[in-house]
């Protein structure tokens, strides 16, 4: 039954339901009923419904746990995330006066700065200063390192981009960046309902990526990876380069001996599978392959892991919904699961997951640090 535990080891189906009073409208069954009511005219659009539609992380766990997918083939039978996104798009287009002003700010920032966070375009090149990296527009390379909009938003995340570039350089990967010309992928805009804007961005970006002649786009953000690989795959124009998250790109470099990982870093870690990367892309083994090859690092699995992973709470715009209070409450369960597994640190591969899990850990007054997997690879480099 929707909303209840259906698999062994899975603590719950819907993270939002678990972190709120638990009424039907907080999880997928209720939202599906709302969609039916709106389509049949039994429900009238309202500010209250608008708020309900944004109380979803779009994690997709409902599809994994509740029979929305064919258990043999993995085929999606009822795409509840698509239903929620479609309702958000309808409300944003027709009832924008009821949409949280913070979401409107994201869309306005995108139109002005080509990123959702109000950062000047030059922010995307600051992290690469003094690194003498190729610019993909001027010096084509087989690999494009795509950092995403969130990486330049803080000093710690900007350092992640520098570490990733250093790792690729050490492995003699011929890569380039776009710097201030790197566009927003459009993921955030689509998830909060502006399909028209995200479609425009998608088509413009495909034209750009196809024109620079790269063969592979390597992303540092799980949301970017999912958007570029899955959503762009439905665009009118074909995206020619293949898309890989960096956790998909690094294992081959490690097995081929192109990265010398000899600095021992003793640490017991639990890996948090980002929903975009895990449930939406099926990337589970590669990050574990990386962690198992890092000297001194011991990987401990939480009770619910891989496709059953507890959502971090930040997806689908939930970091903005109710000022992030529900998002952080959801994240607290993920942090607690890592501590219960005996982990000394939590590792992920998504900047949104990292930020929300860090906030959740602070709320619980725990000392457990949260790392991006790139951090640990960088620390073990010789």
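The value given for the chain is a Kirkwood hydrodynamic radius of 21.3 Å, derived from the mean inverse Cα-Cα separation. For the chain, the relative contact order is 17 percent, taking Cα pairs closer than 8 Å that sit 6 or more residues apart in sequence and dividing their mean separation by the residue count.
The simple Förster model, with R0 at 41 Å and r as the Cβ-Cβ distance, assigns residue 97 and residue 268 a FRET efficiency of 0.20.
Note on the chain: helix-only mean residue ellipticity at 222 nm, from DSSP H runs of 4+ residues weighted -39500 (n - 2.57) and normalised by residue number, equals -12000 deg cm²/dmol. Between residue 77 and residue 298, the FRET efficiency from the beta-carbon distance, with R0 = 30 Å, is close to 0.20. Going from the fewest other Cβ atoms within 10 Å to the most, the residues 250, 77, 267 appear in the order 77, 267, 250. Normalised by 2.2 N^0.38 Å, where N is the number of residues, the C-alpha radius of gyration of region 230-370 stands at 1.13. Spin-label model, residue 340/residue 90: points 7 Å from Cα along the beta carbon direction are separated by 3.8 nm. Counting neighbouring Cβ atoms within 10 Å and putting the fewest first, the residues 151, 355 line up as 355, 151.
Note on residue 181/residue 40: beta-carbon distance plugged into 1/(1 + (r/R0)^6) with R0 of 41 Å gives a FRET efficiency of 0.30. Along each principal axis, taking the top coordinate minus the bottom one, the Cα set of region 117-253 gives 39, 30, 28 Å in descending order. Per residue, the average separation of C-alpha pairs within less than 8 Å and at least 6 apart gives region 260-380 a relative contact order of 31 percent. Counting every other Cβ atom within 10 Å of each residue's Cβ, 336, 75 order from fewest to most as 75, 336.
We did not get these values from a lab; they are worked out from the coordinates using the rules stated. All of these numbers come straight from a predicted model, not from anything done at the bench. So basically every Cβ, Gly included, is an ideal-geometry build from the backbone, and we count neighbours across all protein chains shown.
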